[in-house]
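The next block holds one structure in the form of structure tokens; read it before the comments.
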Amino acid sequence: MITALLVMILLAILLGLVLGYSAIKFKVDGDPMVARIDAILPQTQCGQCGYPGCKPYATAIAKGEADINQCPPGGDAGAKALAELMGVEFKPLNEEHGIQKPKSVALIDESTCIGCTLCIQACPVDAILGAAKQMHTIISSECTGCELCLPPCPVDCITMEPILESSETWKWKYPIYNIEKIGKV
Amino acid sequence: MLMQIKKIFKFNGGVHPDGNKAESTHLPIARLPIPKKLVLPLRQHVGNIAKLKVKIGDHVLKGQMIAEADGNISASIHAPTSGKIIKISEEVVPHPSGLPDFCLTLEPDFKDQWIEKKSIQWKKLDSATLIQTLTHSGIVGLGGAVFPTHMKLKINKTQSINTLVINAAECEPFITCDDMLIRERADEIIQGALITQSILNAKHCMIGIEDNKIEAFQSLTKAAKKTSIEIKVVPTIYPSGDAKRLIYLLMGIEVPKEKRSIDLGIQVFNVATVAAIYRYIELGEPSINRIVTVTGNVKTPQNYEVLFGTPLPELIKNADGKETKIDKFIMGGPMMGFDLPSINVPVTKAMNCVIGSSPELFLPPKPVMPCIRCARCADACPVYLQPQELYWFSKSSQLEKAIDYNLFDCIECGCCTYVCPSNIPLVQFYRYAKSEIIAEEKAKEAANTARERNEFRLSRIEREKKERAERNAQKALGAQEKQATDEKKLAISDAIKRVKKNQQENIKNKNE
């Protein structure tokens, strides 16, 4: 009886030590769920979801405050991926937040630009180059197409240009072929 | 010749399509006259687009570099003849997309004036110097892969090359450009192989050639008589010309997944590539032309030595005109080639063969029927994949699954499509899935950069806010201190004034 008790107590102490050690040693910083949701989001940082960026939206989804279908750049495919990750039912994109548009980049009409730096302050990824009273330009390889630079521009010199297919971005298309006709058509 | 087939290691699967090679080997290689204009795409190779070195109106000499390799994985472009640069524009290039790319247009002056040609004393120079020189040669893999050759010659200090394999298999039906090159210029190939062997410091050098090229084999044997180069005959089976399949045929070595042959001490070059290396090193001639097979539904199928940039219609005209029945042109062979988007494209480094196609030559695709999982494709697959599984996953866009089934090991040889009894265009599905996956990966990379940039911006704003707050706090503190000292000074001066006043009063009182 006493031996059994001793064994159990010893075991409890031992396992407690192991658990305690691993809780310190393998501690995960932050919410791993947020990072996993954030990895699915397209990182456009456009704020169309109603949150000031992709990470805040990811945090809100993880907390259950936001729905999975509020991200227009991610579209239905993004919502599907989020539904799969969260283990909830898929919902099509909520059009209150906007519709999915073809991927575009901003273009500054450099002859109209007055160098006010308002767009630079609005850009969430620092993709606009320029200084006060100097012409501004978009670093198009870094532009996420969030459109946040459009409203602050006092002279409306920024337009969104859809990214055209080039020989570098070209993709093989899904094969289309004839299938056998059955009977007379 | 059959005696030569010994110690050959047969790979899995493979197919035996009709060769159709005899048509274009009756006539010797012909040289095409200089056309009225040459259109030179700046991207004829795998890697970065070449950097322009000329401007409109410049007069260039034959062999002059007009665009320079940009970075390591890139290749230079040279003027194929002397003349004037008249245009820099986007033109349709021979690519399955049919999209335009940047091109230079050269108007020849028909003097065909060379730059000063300098041969290189390769026996006296070390490998590093020679590789450095070859980066300016514009030579890329002429078998069709167009990978910059100088990059294939670079080896790490930890690696060493045991065997150099020269690929003369040319297994694709219809194509005979390598065959004719070997028949007529075997000496150049052997010389080029010796130079390449010396650069790589390879112990052995062997040439692998299919047993259907008897004449080529004979001329190679004759040319290689006094050298240690071994000429090995491999059976005619498609796709023996794939580098890794050829290595297996010759040596029985399977290059493992995610490894390159160079990791095993083997490097493979195409015959035309080593001939180009010879011409650059010994004669000082950069890569400005290649041999192109023109065959199929044309009156005189033949091989031509063509300057890069030659408009394809000129080439077709020389093969005795376009037959009326031609419905399209195929670049490359019928197994791995693609339909050219237009006839108005220039000849590039990758163009080994042009086939005039007609409904009689290549029957229109039969109606596709469902996959019955007969697994004939798996039997035919030379890289031991399960094409029927890959087909299901690609068709339903289950890309992760397709990756798990080693989609990226597929060499797109087309054996599975060839044997499929349901006529399913399997390779098209794999190409679709591969480019989807690559695009997704690129998008993910872009998203990661955007995330990093956004996080950096937020932290910068945070930092600036903090710094501003600190500065403000410091200012406020300074003001307080100043105020305090002011009060003290005021108090002192007041005290002094008081003392003086008292003193004066005291004096007054005394006087009174």
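Read-outs: derived from the displayed coordinates by stated rules, not from any lab. None of the values given here were measured: they were computed from a predicted structure. All Cβ positions, glycine included, derive from the backbone under ideal geometry; neighbour counts span all protein chains shown.
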Checklist entry - How would you rank B:195-206, B:476-487, highest first, on the average number of other Cβ atoms within 10 Å across their residues? => result B:195-206, B:476-487
Item to check | Calculated log₁₀ intensity ratio I(q)/I(0) where the Debye formula runs over C-alpha points of the stretch B:463-502, q = 0.31 Å⁻¹ | outcome: -0.89
Checklist entry - Which angle from 0 to 90°, rounded to the nearest 10, does the C-alpha axis of helix A:2-25 make with the longest principal axis of chain A? => result 20
Checklist outcome for this item: Here FRET efficiency (C-beta to C-beta, B:I438 to B:E470, R₀ 35 Å, nearest 0.05) is 0.15
Next on the checklist: To test your reading of the geometry: what angle, between 0 and 90 degrees and rounded to tens, separates the Cα axis of helix B:426-511 from the longest principal axis of chain B?
Outcome noted: 10
Checklist outcome for this item: Inverse of <1/r> over all distinct C-alpha pairs of chain A, i.e. the Kirkwood Rh in Å, gives 20.9
Item to check | Whole-Å semi-axes of the stretch A:32-97's equivalent ellipsoid (Cα gyration tensor) | outcome: 14, 14, 10
Item to check | Rounded to 10°, Cα long-axis angle of helix A:75-86 versus longest principal axis of chain A | outcome: 10
Next on the checklist: Using a Cα-Cα cut-off of under 21 Å, which lysines could be cross-linked to B:K232, ignoring same-chain neighbours fewer than 8 residues away?
Outcome noted: B:K6, B:K7, B:K10, B:K21, B:K203, B:K213, B:K222, B:K244
Checklist entry - If you count, for every residue in B:444-457, the Cβ atoms of partner chains within 10 Å of its Cβ, what is the mean? => result 6
Item to check | Cα gyration tensor shape of the stretch B:29-75, rounded if a/c is under 1.5, else prolate or oblate by comparing a/b with b/c | outcome: oblate
Checklist entry - If you project the alpha carbons of the stretch B:203-327 onto the principal axes, what extent comes out on each, in Å, largest first? => result 49, 35, 33
Item to check | In sequence order, calculated HN-Hα J values of the stretch B:160-177 (Karplus, 6.51, -1.76, 1.60; Hz; x Gly/Pro) | outcome: 9, 8, 8, 10, 9, 10, 9, 8, 10, 5, 6, 8, 5, x, 6, 7, 9, 5
Item to check | Size descriptor, Kirkwood hydrodynamic radius, that averages inverse alpha-carbon separations across chain B, Å | outcome: 26.6
Next on the checklist: As an exercise, take the mean of 1/r over every pair of distinct alpha carbons in the stretch A:101-163, invert it, and state the Kirkwood radius in angstroms.
Outcome noted: 11.3
Item to check | Sorted by Cβ neighbour density within 10 Å, fewest at the top, the residues B:E400, B:E68 | outcome: B:E400, B:E68
Checklist outcome for this item: Cα-only Rg/Rh for the stretch B:397-500 with Kirkwood Rh rounds to 1.75
Checklist entry - Across all directions of projection, what mean area in square nanometres is found for the Cα convex hull of the protein assembly as shown? => result 62.9
Checklist outcome for this item: For B:A67, other-chain or 5+-apart residues with amide H closer than 5 Å (H placed, Pro excluded) are B:K53, B:I77
Next on the checklist: Can you work out the Karplus-derived ³J(HN,Hα) for every residue in the stretch B:14-21? Use 6.51 cos²θ - 1.76 cosθ + 1.60 with θ = phi - 60°, whole Hz, and x for glycine or proline.
Outcome noted: x, 9, 10, x, 4, x, 6, 9
